[in-house]
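First up is the structure itself, then whatever we jot down about it.
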Amino acid sequence: MHDTSTFSVLVASLAVLFWVIGFTHLLGPRFLRNAFEKWNYGTSVRVITGCLEIAVALMLAHPELRGWGIALAALVMFGAVITLLSHEQYLCAIPSVALMLALIPATLAVPRADTQLHFATIHAAPNAQLADNSQAL
């Protein structure tokens, strides 16, 4: 068995990390703006990336959305790794790959689907009369 609290701490750490990275993209420090310009990506790509990373952070913080957050994080990080490798930024790609690999054990903190399903059963009493609402319209 695995210790769920350990994986929850990992997910919380990832959420904070994505929050910081997202706001860094939104604030756009000079080095980041220069990199996006060098790669022929406009300001809008940097801002959209920042918004996606903040969305990841929010989803990771919410247990019911955690699975979607991990999926979106994997997609964003895959895009980052591809971008960095295609522009020969090999050393810069290492932290992105590490972050992407950290998403694998984070999936263990996703609540199982069968624990979230709740069914209600309604039974009518044997001799109960049902109200006729057909004339209410």
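The values are calculated or read from the model by the stated rules, or taken from the named source; none is laboratory data. If you're wondering where the values come from, they're calculated on a predicted model, not measured in any experiment. Here the Cβ is made from the backbone with ideal geometry for all residues, glycine too, and neighbour counts use every protein chain on show.
Here is a yes/no grid of residues against (1) within 21 Å of Phe31 (Cα to Cα); (2) in contact with a helix residue (DSSP H, G or I) (Cβ under 7 Å, 6 or more places away or on another chain):
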residue: Ala55; (1), (2): no, yes
residue: Ala80; (1), (2): yes, yes
residue: His87; (1), (2): yes, no
residue: Leu91; (1), (2): yes, no
residue: Val97; (1), (2): yes, yes
residue: Met100; (1), (2): no, yes
Open item on the list: Take residues that are modelled with pLDDT of 95 or more and surrounded by 14 or more Cβ atoms within 10 Å (Cβ to Cβ) and tell me which of the helices (runs of 4 or more DSSP H) falling wholly in the range 1-82 contain 3 or more.
Closed with: 4-27, 43-61
Open item on the list: If Ala106 meets every condition in (1) at pLDDT below 85; (2) loosely packed, with under 15 Cβ neighbours inside 10 Å; (3) among the hydrophobic types (A, V, I, L, M, F, W, C) apart from one, which number is that one?
Closed with: (2)
Task: Scope the range 83-93; condition part of a helix (DSSP H, G or I) and surrounded by 15 or more Cβ atoms within 10 Å (Cβ to Cβ); matching residues - done: Thr83, Leu84, Cys92, Ala93
- [ ] Evaluate the following for Ile48: is it closer than 20 Å to Val81 by Cβ and in contact (Cβ under 8 Å) with a residue 24 or more places away in the chain?
- [x] no
